[in-house]
Amino acid sequence: MPLLKAISFIIASLPSRLMVVVGRYLGRLVYLIDGRHRKVALDNLRMAFGQEKTEDEIRTIARGVFENIAITSLEFMKIPWLGEGDMDRYIECSGLENLKNAFSKGRGVILYTAHLGNWELLAAWYGIKGYRGDIVVRPLDSPLVEGFVRWIRTRCGNAVVYKKRSMRRLIRTLSDNGLVGILLDQNVTLSEGVFVDFFGIPACTNRGLALLAMKTGSPVIPTFIVRTEKGHRIVIEKEIETLRTGDKMADVVTNTQRFTRVIEDMIRRYPDQWFWVHRRWKTRPPGKGKTPSSH
């Protein structure tokens, strides 16, 4: 851990513009040598955009994806050393009034996002700006790396809550008018999720966000961060109404679809900034064949 912290400090000392340049070339190199993840990204992009974009356009997007991941990885190392002044210098925000309006209801706020732009910096911005919350994550396989990543994620005041058996903790946070942050764009198993439309393909999506919102009545706010020429821009969308008809499972599917539609719309605007190297459609509906990115 001390060595990782030292590496983090050294990388953080690089000028931001240099970090972007280095990350861009590093990403292009990884794109060339990492055939497995390149194939996943290209398969996913063809499934999502095969009828809309040319093969050249798809490959250009894929290269951009690897560049964004590399830049994000370097910027992640810088998070422990950032202050509010740094955030104000490199990050602009729109829609903060939507968050304040949601908090005024006194039932806490559920923020959800996607692996878009620099999603780790998004959480850090909220923490440094005083909107500290419980961030729901999956633990990494390596205890050493997990400890280091957890250290970075909590440096800005947020708490890390592991996904498994987290519901009771999150309900308590929301009842205290606190904030909960959730990523909703990854594949889950049949036991964890429901199938909703994502780029025209059934995608098994975590039902936990919908269940939490339906149980607590807490406002659900989509929020994203995207990379810009000057730095980053955070977008805080308006609250998404949570449907409650009394048919619990039908409502879970409807609400999860509503949440997912916002994510898809954002990805369509910034396709090269989303995490296409993830097998998003790996879990298939019973009786359906595998997708190319399921292998």
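Brief remarks on what is shown
- Number of residues in segment 32-55 that are free of Cβ contacts under 8 Å to residues at least 60 places away in the same chain and farther than 16 Å from residue 271 by Cα equals 6.
- Checked against (1) buried (at least 22 other Cβ atoms within 10 Å of the Cβ); (2) under 25 Å from residue 17 (Cα atoms), residue 89 passes all but a single condition, namely (1).
- Close pairs from segment 229-251: first at positive phi, partner of a type in the set (A, V, I, L, M), Cβ under 9 Å, at least 6 apart: 231/91
This table checks each residue for (1) outside any strand (DSSP E or B); (2) among the acidic types (Asp, Glu); (3) touching a Cys at 6+ places or on another chain (Cβ under 8 Å); (4) crowded, with 19+ Cβ neighbours inside 10 Å.
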{"residue": "214", "(1), (2), (3), (4)": "yes, no, no, no"}
{"residue": "223", "(1), (2), (3), (4)": "no, no, no, yes"}
{"residue": "229", "(1), (2), (3), (4)": "yes, yes, no, no"}
{"residue": "259", "(1), (2), (3), (4)": "yes, no, no, yes"}
{"residue": "277", "(1), (2), (3), (4)": "yes, no, no, yes"}
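- Looking across segment 231-252, the residues that are crowded, with 19+ Cβ neighbours inside 10 Å and under 22 Å from residue 167 (Cβ atoms) come down to 242, 252.
- Some residue of segment 186-196 being free of Cβ contacts under 8 Å to residues at least 40 places away in the same chain, surrounded by 18 or more Cβ atoms within 10 Å (Cβ to Cβ) and assigned to a strand (DSSP E or B): no
- Filter result (more than 20 Å from residue 166 (Cβ to Cβ) and not aromatic (Phe, Trp, Tyr)) within segment 186-207: 196, 197, 200, 201, 202, 203
- Any hit, segment 58-79, residues being crowded, with 16+ Cβ neighbours inside 10 Å, of a type in the set (Gly, Ala, Ser) and either in contact with a Ser or Thr (Cβ under 8 Å, 6 or more places away or on another chain) or in contact (Cβ under 8 Å) with a residue 60 or more places away in the chain (or both): yes
- Pair list, Cβ under 6 Å, 6 or more apart: segment 270-289 residue more than 17 Å from residue 31 (Cα to Cα) and touching a residue at least 40 places away in the same chain (Cβ under 8 Å), other residue of a type in the set (S, T, N, Q) and buried (at least 22 other Cβ atoms within 10 Å of the Cβ): 281/293
- Here segment 134-180 is the region considered, the condition is being in contact with a helix residue (DSSP H, G or I) (Cβ under 6 Å, 6 or more places away or on another chain) and assigned to a strand (DSSP E or B), and the residue that is surrounded by the most Cβ atoms within 10 Å (Cβ to Cβ) is 180.
Values in this text are rule-based calculations from the coordinates and carry no lab data. Everything numeric in this text was worked out from a predicted model, so none of it was measured. Neighbour counts are summed over all protein chains in view; Cβ atoms, including those assigned to glycine, are modelled from backbone coordinates with ideal geometry.
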